[in-house]
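A.B. asks: Right, I'll just put the structure down here and ask away after.
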Amino acid sequence: MSTVDVPAGDSGSSSDTTGQIRITLTTRDPSVAVPDDVPLYVPLALKRYGLSEIVNHLLATEKPIPFDFLINSELLRLSLQDYITQKGLSSEQTLALEYTRSILPPTFLASYVHPDWVSSVDVIEAAPSNVNAAPILSGCYDGIVRTWNLSGSVVSEFGGHTGPVKAVRWLDVNKVVSVGMDRSIRIWKVPAAGDQDDEVMADVLGSNGPQTVTSARIFAGHKSTVEDIAVNTETSRMLSAGADNAVGLWTTNYKEAPPASGSLSTREMTGKRRRKTTLPSRGPISMMDSHSGPVTGVIFDPKDHTVGYSVSLDHTIKTWDLVTGALVDTRTTSFPLLSIVALPELSLLCCGSSARHVTLHDPRAAADATTTTTLTGHTNFVVGLSRSPESEYMFCSASHDGTVRVWDVRAQNSLYVISRESKTAEKAKVFGVHWSKSAGIVSGGEDKRMQINRGTGLDVSSNSTQ
């Protein structure tokens, strides 16, 4: 048995500071593993910092490594004394602690100004020569879609929407898709050298400054605002969420898409007269109507591309068979739902709501089973979610309370809160967020800015965060 001396500064507890408890330390990261099942006696007053000092002492590290600790898959946020008191345990028991590299607070890196509210952001990780200088995509209420480089310069602008853009996604390294209040879905070709002669997909104007794209493949079928779009590159399919209560299934191959049943039109000024122009468009593979309220979010199942999920203001999460278009399952919650993301390794769906919280659902459980975990902390609508590119347990959320929160499902509270750096508006709403391995946490909002935050440890190797 070993007894470890730790500085008393870590105690921070009014509980018993003289007692000790036996612990064992394990990790899934072999690069920071201590000898297996080595029992230690440590002060009950220890919190995460003191336990981290013990691990660093055992590893004889030259530079201290911060660690987080889990007991029964739950992150430790109390002293050991407070934990065993809360759980009704005895100090005579042995606590099995698992440790992982800690995530440090995400710091502000940059903020890029737009002409209007920033509704949606996306980042592509593997970028070839034509987009590697501009991996960030943004959608704006001025109706323009933009690509940005990491220096904060606009590289390309895609103009054609006749209303605010609501959502944007990279389709692949050469194309992006956008949806908006004009009821359209538009696929744009990313400008590259030589595209000036491509009259089919892009009309690239000018060689200095941002390249402007004015032509797009247009898809129509929704009768109201298209709120969200999800992309599956392996099947060349898209899912759309409509304020008309419908979920649309589309192909990204324009030539294979069926004709649109309706038409989109735009009005242009010709001299002193306004001319109405009908835009050529393609239609959906199917429109799935079962929601009784506007659909606010859609995703593909990360493990089964023939399955899709949607959330709505009608309080429900619906599961769809995308082969047949059939409704497979409906789960009713207590509040309108505004956003959704999947944590595939945990088989969980995270949903943001108008009730200011995030709920975790297991789609494998019976629809009437009580399997919901609720994460609280936001003080307004939770309208955007994005999972960590590295850790299976983590995701971030965007809210109208003006913050982005970083979560670990093993903890009851958020790990970190990211506020807006701009001072243009008090508690400016955040509309969209994307957690990128290469860029960091990118968010956009009411302050007309796209903000980038990054923290050491937010991009650690997968072995370190599991």
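A.B. asks: Please go through (1) open to solvent by 50 Å² or more (accessible area, probe 1.4 Å); (2) modelled with pLDDT under 90; (3) assigned to a loop (DSSP other than H, G, I, E, B) for S31 and return the number of the only condition it doesn't satisfy.
C.D. replies: That leaves (3) as the condition not met.
A.B. asks: Under 6 Å between Cβ atoms, at least 6 apart or on separate chains: pull out the pairs that start in the stretch 343-369 with a residue that is modelled with pLDDT of 90 or more and basic (K, R) and end on any residue that is assigned to a loop (DSSP other than H, G, I, E, B) and open to solvent by less than 40 Å² (accessible area, probe 1.4 Å).
C.D. replies: Correct list of pairs: R356/H378.
A.B. asks: Within the bounds of the stretch 323-336, is there any residue that is within 18 Å of the chain's Cα centre (by Cα) and under 21 Å from G293 (Cα atoms)?
C.D. replies: No: zero hits.
A.B. asks: Considering only residues that are charged (D, E, K, R) and not in a strand (DSSP E or B), look in the stretch 227-264 and name the one that is most open to solvent (accessible area, probe 1.4 Å).
C.D. replies: Applying the filter and picking the extreme gives K255.
A.B. asks: Select from the stretch 211-226 the residues that are open to solvent by 20 Å² or more (accessible area, probe 1.4 Å), in contact with a helix residue (DSSP H, G or I) (Cβ under 9 Å, 6 or more places away or on another chain) and in contact (Cβ under 8 Å) with a residue 60 or more places away in the chain and list them in ascending order.
C.D. replies: R217
A.B. asks: Can you go through L385, L375 and tell me which one is part of a strand (DSSP E or B) and touching a Cys at 6+ places or on another chain (Cβ under 6 Å)?
C.D. replies: L385
A.B. asks: Find the strands (runs of 3 or more DSSP E) located wholly in the stretch 312-362 whose residues include 1 or more that are of a type in the set (V, I, T), and list them.
C.D. replies: Strands (runs of 3 or more DSSP E) meeting the threshold: 316-321, 326-332, 337-343, 357-361.
A.B. asks: Next up: Could you please let me know if S414 is open to solvent by 10 Å² or more (accessible area, probe 1.4 Å), in a loop (DSSP other than H, G, I, E, B), small (G, A, S) and under 23 Å from I452 (Cα atoms)?
C.D. replies: yes
A.B. asks: Can you confirm whether the stretch 66-85 contains a residue that is under 12 Å from Q20 (Cβ atoms), touching a residue at least 12 places away in the same chain (Cβ under 8 Å), open to solvent by 70 Å² or more (accessible area, probe 1.4 Å) and more than 31 Å from the chain's Cα centre (by Cα)?
C.D. replies: Scanning the stretch 66-85 turns up no residue that is under 12 Å from Q20 (Cβ atoms), touching a residue at least 12 places away in the same chain (Cβ under 8 Å), open to solvent by 70 Å² or more (accessible area, probe 1.4 Å) and more than 31 Å from the chain's Cα centre (by Cα).
A.B. asks: Restricted to the stretch 185-213, and to residues that are within 16 Å of V154 (Cα to Cα) and among the β-branched types (V, I, T), which residue is modelled with the lowest pLDDT?
C.D. replies: V204
A.B. asks: Okay, moving on. Name the pairs whose Cβ atoms lie under 8 Å apart, with the first residue in the stretch 326-337 and more than 13 Å from S353 (Cα to Cα), the second assigned to a loop (DSSP other than H, G, I, E, B), and 6 or more positions between them or separate chains?
C.D. replies: Pairs found: L327/S290; D329/P363; D329/A367; T330/S290; T330/A367; R331/P363; R331/A367.
The values are calculated or read from the model by the stated rules, or taken from the named source; none is laboratory data. Since we're looking at a predicted model, the values are computed, not measured. Cβ sites come from the backbone with ideal geometry, for glycine too, and all protein chains shown count toward neighbours. Ligands, DNA and RNA are excluded from the accessible area calculation, which covers all protein heavy atoms including side chains. Shrake-Rupley method; radii C 1.70, N 1.55, O 1.52, S 1.80 Å.
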